[in-house]
Amino acid sequence: MCLKKTNTVKEGKANRYMKKRGMGEAKQVGTVNRNNASKQKMGGRKVESIKQNPFVKKVGFNRIILCIVLILMYGLFCALTSGAFAGMTRIMSALNYAYFLGFLSLGVTFVIATGGIDFSIGPVMFCCALIAGFSLVTYGVPMPAAVIISIVVGLVFGIFNGYLVAYWNVPSFITSMASMNIAKGVASVFTRTQSVSWPQANAEGGWYRQLVKMGDIPTGLIILLIVAVICAILLNKTKMGRYILSLGSNKEAVRLSGVNVKKWEMSAYVICGLLVGIAAIFYVAAYTTVQPGYGDTYNNEAIAGCVMGGTSMAGGLASISGTIIGVFIIALLQEGILALGFTKDVQLIITGIIVIVAVFADVVARRRKN
Amino acid sequence: MGEVILTMKGIDKSFPGVHALDHVDLEERKGEVHALMGENGAGKSTLMKVLTGIYKKDSGTITYEGKEVEFHNTREAQDAGVVIVHQELNMLGHLTVAQNIFIGREFKKGIRIDDKKMNEEARKLFDRMNIDIDPRETMSNLTVGKQQMCEIAKAISHDAKVIIFDEPSAALTEAEIAELFKIIRDLREQGLGIIYISHRMDEIKVITDRVTVMRDGTYVGTLVTEDSTKDDIINMMVGRVIYEDPKTENMTPKDAPVVLKVEHLNAGKMVQDVSFELHKGEILGFSGLMGAGRTETARALFGADPIDSGDIYINGKKVTIKSPQDAVRNGIGYLSEDRKRFGIVVQKTVAENTTMATLDAYANGPFINKKKEKEVAEKYVESLATKTPSVDQLVVNLSGGNQQKVVIAKWLTRNSDILIFDEPTRGIDVGAKNEIYKLMNQLAAEGKAIIMISSEMTEILRMSDRIIVMCEGKKTGELDISEATQENIMNMATREIN
């Protein structure tokens, strides 16, 4: 039973699938002895009754677990720092991290929903910020144009990835690995391998920083949540979302229904590219400076937020609200790790483990289903 | 017959929405060929998958060589001497015969694979079976029959004590079947237990010692083959189910217009110069052996695979079909033989699957009108009598027959006039099968034109108005139902094979 405790997230995910498929309680398959198996069954029944609660059913078991994890984590960090972690400063700092990561994670949710993957989002985000920032600082383009340039660069990469994957059938893993390097290279060539600093808040064109924070109002949070709602509508209420999820589940069946699967598959990558372009703006609005040749670590974090939230790496299942909570967990985690005096490297280890655990939980849930 | 080697007792297995096995018993003796019979979906294959560890049983006991056992995978079963020769061949086409037989347990010389030794050992196996196959031959160069022999050789090489044959004769020619039977008799002489799954009545009488009959996932009874007649067995198999009456004459109206005309269709090796006509209100059966090119013809016609040459006319007008989109636009619907892979999206609901081909009609601009979608799905759940708690149920939880109805609903929603049913009742239990038949007849009566591909002779004879027979990618015959018999269809179906 101790196994159960350490794997709360995993169990939660598994149970969510079980519930969705109406399969009743989980049966332990394998080598556990009879006695143990019946105990597991009893535990399953209890979880089952919680899941049948109308409130839990509406919000989603998995998301409630994630919220609890988020609150517990915050409490843990406060306790470990003897209360120094409490207060708005840390929260605002964590939110700054959550904004750009949120847009990345939302974007990659669409791609993962099709059953694909995008490892280029982090470097592409930096590429957007570098090209737009360099144009701004060196060539003197006005701020609104720089914002548009950033989004356009993101879109171009999205179209490039999507076209290769959907129309040429290049595996998304390879496509995005290649475009990750292309993004890094293009950014370095464009900026002659120099870092770029976007204007400070009080400088000319500094208004863009109010996208993140206007006085004491966390405008970034509001914008992120609005975009998340739009994404949720796209995914759950429109033809595009229906086709993206369906083809992620069974592309051939959708194609044989006479649907233009190539177009819809590509659209997921285009949305992702667009959101990556937006993420770049929020990155510089929070941190000002970008350096060429970096950005890979954000891939893992964005994907971690996404799969933790209940989006299946195998495609066909995605949750926007789950992604957002997942992003908050990652952002709080990195803030907490810094507050505890560890380096960023520790966070790399932890997000790496999160990805593996979340994906493994998904695999287990699928295996039980069969 | 010798002593009992294997006993399965009270085996129970459920899948979501289907009670696949309901307390089934089976007993196998040494030196016995034991037939396992039943209609499609009776649970024969499921029972064997439970035995060999592919599925885990919910309850019941398996006793093998006097000990209670439970195999967790086919490997464990193999090691114990219980081996299955599958209906679909699990061979790696680019490897040699010997490499296939010894895959996973290659002979080695140091770290190098010892191909010479493997070839010798394979040769010994073939000698023991009295057949002539070169172990060095590449697997894909062999005929289906020869590949089957290799599967058997592989089974024997595992030091098998019980060998299960899952419909081994489905893809074989007469001569190959004779050879197969010779091998099976040899194995019986050597004291092996043979479980033989088939629904060819004639074979059962020739080769088996006892027959166990299953129906709808339940155990019906066991007979000694010698003491029972064909009718005894059929009665046990069919039980209470009353089928649609078999057709004896063409029911298509005399003046029915041609809705689909295919001329000289070529698509790869499996579709060579196929021409035919399909009338309004007609059920056109496509018969032939496995690998005859029937599915390939349907897929080419539907735009799922590329067409090399040939003309397609719909309602007298020439059309170009390059993709399923083109086919659907022209009113063709395709119900695949493999529903799970090509028919339904299992993680989506009944309603979402129903509108999959017609979403534009159930959307305002980019937004889906879920209310309208639900209404149409409910309409078809009612008219097709689909058994589902609600249209919001995920299709993965429905039984095979009901999943098939959801696919039918998809094409009816689209208002397709030409429906291609590829093995419409494969993996569907008996009662539901009859409902699908009824539905197809009803659709034909309403003026839909239906192409039905089927490997079951009884299905072809029961449903078709006209029959087209294919063999090796060519059309080898066309018959009106009034002149069709099992014999003349079989003749045409093997015409190209020597």
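Values quoted throughout were computed directly from the atomic coordinates according to the rules given, and no laboratory measurement underlies them. The model shown is predicted, which means the values in this text are computed figures rather than measured ones. Virtual Cβ from ideal backbone geometry, glycine too; neighbours counted across all protein chains shown.
Taking amide H atoms as placed 1.01 Å from N in the peptide plane, the amide H of B:Asp305 lies under 5 Å from those of B:Ala300, each 5 or more residues away in sequence or on another chain.
Helix B:115-129 and the longest principal axis of the C-alpha atoms of chain B enclose an angle of approximately 90°. Applying 1/(1 + (r/R0)^6) with R0 = 41 Å to the Cβ-Cβ distance of A:Gln52 and B:Arg200 gives a FRET efficiency near 0.25.
Put simply, the convex hull of the Cα atoms in chain B casts, on average, a shadow of 25.4 nm². Each residue in B:Tyr64, B:Tyr313, A:Tyr208, A:Tyr99 was given a count of other beta-carbon atoms within 10 angstrom of its own, and listing them fewest first yields B:Tyr313, A:Tyr208, B:Tyr64, A:Tyr99. Measuring against 28 Å, Cα to Cα, the residue pairs B:Lys30/B:Lys340; A:Lys57/B:Lys372; A:Lys57/B:Lys370 contain B:Lys30/B:Lys340 as the ones spanning a longer distance.
Here the Karplus curve 6.51 cos²θ - 1.76 cosθ + 1.60, taken at θ = phi - 60°, turns the phi angles of the stretch B:338-349 into couplings of 10, 3, 4, 7, 10, x, 10, 9, 5, 7, 10, 7 Hz, with x standing for Gly and Pro.
Cross-link reach is defined here as a Cα-Cα straight distance under 16 Å, omitting same-chain residues fewer than 8 places apart; for A:Lys237 the aspartates and glutamates meeting it are B:Glu352, B:Asp360, B:Glu373, B:Asp392.
The simple Förster model, with R0 at 30 Å and r as the Cβ-Cβ distance, assigns A:Thr289 and A:Ile71 a FRET efficiency of 0.35. Modelled label positions at B:Asp22 and B:Leu95, each set 7 Å beyond Cα in the direction of Cβ, lie 4.2 nm from each other. Residues in the stretch A:215-220 carry Karplus couplings, in order, of x, 9, 8, x, 4, x Hz; the curve used is 6.51 cos²θ - 1.76 cosθ + 1.60 with θ = phi - 60°, and Gly or Pro positions show x. One equal scatterer on each Cα of the stretch B:4-238, no solvent, Debye formula: the resulting log10 I(q)/I(0) at q = 0.16 Å⁻¹ is -1.15. Over all orientations, the protein assembly as shown has a Cα convex hull whose mean projected area works out to 41.6 square nanometres. Rg and Dmax over the alpha-carbon atoms of chain A stand at 21.4, 73 Å. Averaged over the residues of peptide B:337-347, the number of Cβ atoms from other protein chains lying within 10 Å of each residue's Cβ is 5.
Excluding same-chain neighbours fewer than eight residues apart, the lysines reachable from B:Lys230 by a Cα-Cα span under 23 Å are B:Lys44, B:Lys182, B:Lys205, B:Lys247, B:Lys433. Please label the shape of the stretch A:247-370 as rounded, prolate or oblate, based on the square roots a ≥ b ≥ c of the eigenvalues of the alpha-carbon gyration tensor (a/c under 1.5 means rounded; beyond that, a/b larger than b/c means prolate, else oblate). Cα axes put the stretch A:247-370 in the oblate bin. For the stretch A:121-182, the extents of the C-alpha atoms along the principal axes are 40, 18, 14 Å, listed from largest to smallest. For the options A:Thr89, A:Thr289, A:Thr323, a Gaussian network treatment of chain A with springs between C-alpha atoms closer than 10 Å singles out A:Thr89 as fluctuating the most. Label-to-label distance for A:Ala314 and B:Lys109 is 4.4 nm, based on points extended 7 Å past Cα in the beta-carbon direction. For the stretch B:4-238, the Cβ-based charge dipole about the Cα centre amounts to some 780 debye (Lys, Arg positive; Asp, Glu negative; other atoms uncharged).
When only Cα pairs below 8 angstrom with a gap of at least 6 residues are kept, the stretch B:2-147 shows a relative contact order of 18 percent. The mean sequence distance of close C-alpha pairs (under 8 Å, at least 6 residues apart), as a share of the length of chain B, puts its relative contact order at 16 percent.
Under a model in which nothing but the beta-carbon of Lys, Arg (+1) and Asp, Glu (-1) is charged, chain A shows a dipole of about 2060 debye around its Cα centre.
3J(HN,Hα) couplings calculated from phi for the stretch A:327-335 with the Karplus curve 6.51 cos²θ - 1.76 cosθ + 1.60 (θ = phi - 60°) are, in sequence order, 5, 4, 4, 4, 5, 5, 4, 5, 5 Hz; Gly and Pro show x. The modelled label-to-label distance between A:Leu225 and B:Gln442, using points 7 Å beyond Cα along the C-beta direction, is 5.1 nm. A protection proxy built from the mean count of other Cβ atoms within 10 Å ranks the segments B:303-309, B:23-29, most packed first, as B:23-29, B:303-309. Amide hydrogen proximity for B:Ile84: with H placed 1.01 Å from N in the peptide plane, the residues at 5 or more positions away or on another chain lying under 5 Å are B:Ile164. Note on B:323-329: average number of Cβ atoms from other chains within 10 Å of each residue's Cβ is 4.
The magnitude of the dipole of chain B, with charges of +1 and -1 set on the Cβ of Lys/Arg and Asp/Glu and taken from the Cα centre, is near 1460 debye. Starting from the Cα gyration tensor of the stretch A:45-153, take the square roots of the eigenvalues, sort them a ≥ b ≥ c, and report rounded, prolate or oblate (rounded when a/c is under 1.5, otherwise prolate if a/b is larger than b/c, else oblate). The shape class here is oblate. By the count of neighbouring beta-carbon atoms within 10 Å, fewest first, A:Ile324, A:Ile329 end up ordered A:Ile329, A:Ile324.
Using R₀ = 56 Å, calculate the FRET efficiency as 1/(1 + (r/R₀)^6) where r is the Cβ-Cβ separation of A:Ile159 and B:Asp273; round to 0.05. Efficiency at R0 = 56 Å is approximately 0.85. Between the listed residues B:Ser454, B:Met214, A:Cys128, the Cα displaced farthest toward the positive end of the dipole of the protein assembly as shown, a dipole computed from Cβ unit charges relative to the Cα centre, is found at A:Cys128. Please tell me the relative contact order of chain A in percent, rounded to the nearest whole number, where contacts are Cα pairs under 8 Å and at least six residues apart. It comes to 29 percent, rounded to a whole number. Straight-line cross-link partners of B:Lys261 among the lysines, defined as a Cα under 20 Å from its Cα and at least 8 positions apart when in the same chain: B:Lys280, B:Lys317, B:Lys318, B:Lys322, B:Lys448, B:Lys474, B:Lys475. Close amide-amide hydrogen proximity is noted between B:Tyr196 and B:His34, B:Ala35, B:Leu36, B:Phe165, each under 5 Å apart and 5 or more residues distant or on a separate chain (H modeled in the peptide plane; Pro and chain starts excluded).
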